[in-house]
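Worksheet for the structure shown next.
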Amino acid sequence: MKALRIKIYGVVQGVGFRPFVKRLANQCNILGSVRNEGFGVSIFIQGETDNVDNFIQYLHQKKPPSAYYEKIELEPAKTIPQLSDFVIASSKVSEKIGLMPTDMTVCDECLEEMNNPHNRRYLYPFINCTNCGPRFSIIEELPYDRPTTTMKRFQMCPRCESEYKDESDRRYHAQPIACPECGPQYFLHPEIEPSVKMGIPDWAIPIKIASDYLSDGKIVAVQGIGGFHIMCDANCESAIARLRKWKCRKSKPFAIMVKDMNIAREIAHISALEEELLQSPSAPILLLKIRENEMISDKVAPQLAHLGVFLPYAPVHHLLFKFDAPQILIATSGNRRDEPIAMTPEDAMSRLDVADSILWHNRPIHNRVDDSVGFVANKKLFLVRSARGYTPARFSLPQDGKKVISAGADMKGGISVCDGNFIYPSQYLGELSEPMTQKFWEETVDKFTRWLKVEPDIIACDLHPDYHSTRLAENLSSKWNVPLVRIQHHKAHCWATVLEHQNFEPALGVVYDGTGYGDDGKIWGGEFFYVEPRTAKCQRIGHLDEIILPGGDSAAINVIRMAYAYLIHSYQSADNIPNIPLLKELSSLERQGIERIYSVWNPPITTSMGRLFDAVSAILSIAYKNEFEAQAPMLLEAKAHEIPIQEIISMKPYSFRIFEDDESKQILDIRPMIRQICDEIVSDIPVEKISARFHRTISIATIKIIDIFSNKLNT
Ligand SMILES: [Zn+2]
Ligand SMILES: [Zn+2]
């Protein structure tokens, strides 16, 4: 006989964890109890030694798909002779709150029920269970319980209630439990009476009609888990053109939702890991390399090698396809340009006027949460936008610290709140240049501080004096009457990476970015740091060579001007630049303007890697302008993808020089590379090859600088 006390930290609440533990205990002949705690879940187990060992093994192997263990602590305990059962004990009221569950894609069992004409939830778009369904998006307060979600307005019918209360049912304590009799419904705006009998239950009719609209080439706004999508047929050029015009997006790519994995495989190259991620409970949008195909209009992502792809994740998405919507749909965020996505039906009706129809529901979304976006490299997922399915998350600190609200930057904004033990980053919020996003930002700060019961000791913000987020942080600092700490943009990137990877040993950080206000007032973006997480030391140890930034921020749009600055920088004088096609695209007035900046006192200076990628794209005449953020570098990358990877890694890099400045920083001088690139343009080497070799050179140069500094550290 043996007894253990087990503490599990992580995502173990709201994911069907306690019923799982009870089933496991019954299978293994274990007595004891399980209960929710502030940190996660605590379990007491007692049984024969073999049974206890089996239980521990299965606890790791068989956990519910959405559970995530941060840490498990095992501690021997005294056996209790009078124990006769394994029970789910009621939660201890705790000051500290465990991790909030994230929204989960509909599970296979629920899908099967939804497709079964004999099931009472046949074609019901709000089907869910303890393993799936909405969570974060509907939570108003903690602890997570039906009365603290937006489901509180729906009174459970007797059948739902008995499932909810039955420990052996797969909907035991599924807070969003619902059925056609008692739960939320979908509606169409404008309303329409179907002219023919459709032979499906009433609750599915609005979805069937929306699906027909999509097949007819119409644009439909669809309310899902965390907000609205705007959808249309990905092969209907007239609908795409209307959408582009309305969104003021000339060429920025749209994400697509595809019917199933078979279709996804037809249009994109998908690795086993990518397949797994697309079908995971978090179901992110993945950037996938597109195959040549006839199924998607080339207006969806003009000239790009990659496209954002996701699979249906809400029951309503599955139903749209079941009712024969086009197999590939554009499913772009329900907003115009940089505003936050529409969250309420009223909001959608007033803002999304491009939609011919709005498919909305009456289960209120409390927390707006966009789709997450990521890509796979080196067999790992990298999230470029963390939102639905990944938020809220939390990260441990190397040691306990102060309570902090951090403001984030202006582009792709987000906040984080630290309770002294963990950092909780918010979901992606959007562009802070938009007043509506600023309001969303303030609401999010309020919610996170309330949920986490944090009264901040410090407010942290970006060093940039003109960021909207800086101004909002200044407001917070005076509201709470606490100090404001300004942190350099790329140092913040570096720290965020350290926390994400939970590695607190001294490290070298490489941050390649477009723009960030530097400690010295220059525009940084090609930076090397040495960090010591335990002492909070972060030292700039190297960077891309400095160059003037012609026209300040507008250089990020008119990349041809940046290219010309690099040419002058590399050839010392305009007269020495070889005759490459780019020169014909610049008027002599523009050229003189840029040349003159060199003689100006105190011109804007940058070390931005983003601007170098812009410049090379323009030097190769791939793009002279960024019509959307990073378009020129993306087109440049697309060219490199034409070359097989084996060929790229055997390429000899272009020449570059690394030198040490008078502050012992390693400086990467790429002027020799620019001159070689121009020579190759003149000798008609294909741009695909030049682009590939450029990417190769930057990676080799990066490793070289890391090597130099590592050697310095080791001697
Ligand atoms: Zn389910
Ligand atoms: Zn019901």
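Here, each number is a calculation from the coordinates, and none is a lab measurement. All values reported here derive from a predicted model rather than from experimental measurement. Note that we place each Cβ from the backbone using ideal geometry, even for glycine, and neighbour counts take in every protein chain shown.
Annotations
- In this structure the amide hydrogen of Gly224, modeled in the peptide plane, comes within under 5 Å of the amide hydrogens of His229, none closer than 5 places in sequence on its chain.
- Computed from Cα atoms, the angle from the helix 687-714 axis to the main principal axis of the chain rounds to 80 degrees.
- C-alpha long axis of helix 435-451 to longest principal axis of the chain, angle in °: 50
- Lys479 versus Phe659: modelled label distance in nm, points set 7 Å from Cα along the beta carbon direction: 5.0
- Cβ-based charge dipole, the chain, positive-most Cα from Thr515, Val52, Ala348: Val52
- Centre-to-centre, using Cα atoms only, region 540-617 and region 183-224 are separated by 54 Å.
- Relative contact order of region 63-207, taken over Cα pairs closer than 8 Å and 6 or more residues apart, is 21 percent.
- The chain - share of DSSP beta bridges that are antiparallel (%, nearest 5): 80
- Take every pair of alpha-carbon atoms less than 8 Å apart whose residues are at least six positions apart; their mean separation over the length of the chain yields a relative contact order of 9 percent.
- With Cα atoms, 0 to 90° folded angle of helix 671-682 axis to the chain main axis: 80
- Label-point separation, Ser238 to Leu713 (7 Å along Cα→Cβ), nm: 6.1
- Candidate cross-link partners of Lys639 among the lysines, defined by an alpha-carbon separation under 24 Å and a same-chain spacing of 8 or more, comprise Lys250, Lys252, Lys289, Lys299, Lys379, Lys380, Lys584, Lys625, Lys652, Lys689.
- Each Lys and Arg contributes +1 and each Asp and Glu -1, all at the Cβ; summed about the Cα centre of the chain, the dipole is approximately 760 debye.
- Across region 547-713, the relative contact order, built from alpha-carbon pairs under 8 Å that are at least six residues apart, equals 24 percent.
- Net charge dipole size for region 190-237 [Lys, Arg +1 and Asp, Glu -1 on Cβ; Debye, nearest 20]: 120
- Looking at region 502-599, the chymotrypsin sites (Phe, Trp or Tyr not before Pro) that sit in a DSSP loop and have at most 15 other Cβ atoms within 10 Å of their own Cβ are Tyr598.
- For Ser587 and Glu629, a Förster radius of 22 Å and the Cβ-Cβ distance give a FRET efficiency of 0.30, rounded to the nearest 0.05.
- Amide H contacts under 5 Å for Val87: Gly32, Ser33, Val34, restricted to partners 5 or more places along the chain or on a different chain, H placed in the peptide plane at 1.01 Å from N.
- Rounded to two decimals, the Cα radius of gyration of the chain over 2.2 N^0.38 Å is 1.04.
- Separation of alpha-carbon centers, region 293-326 and region 678-707, rounded to whole Å: 35
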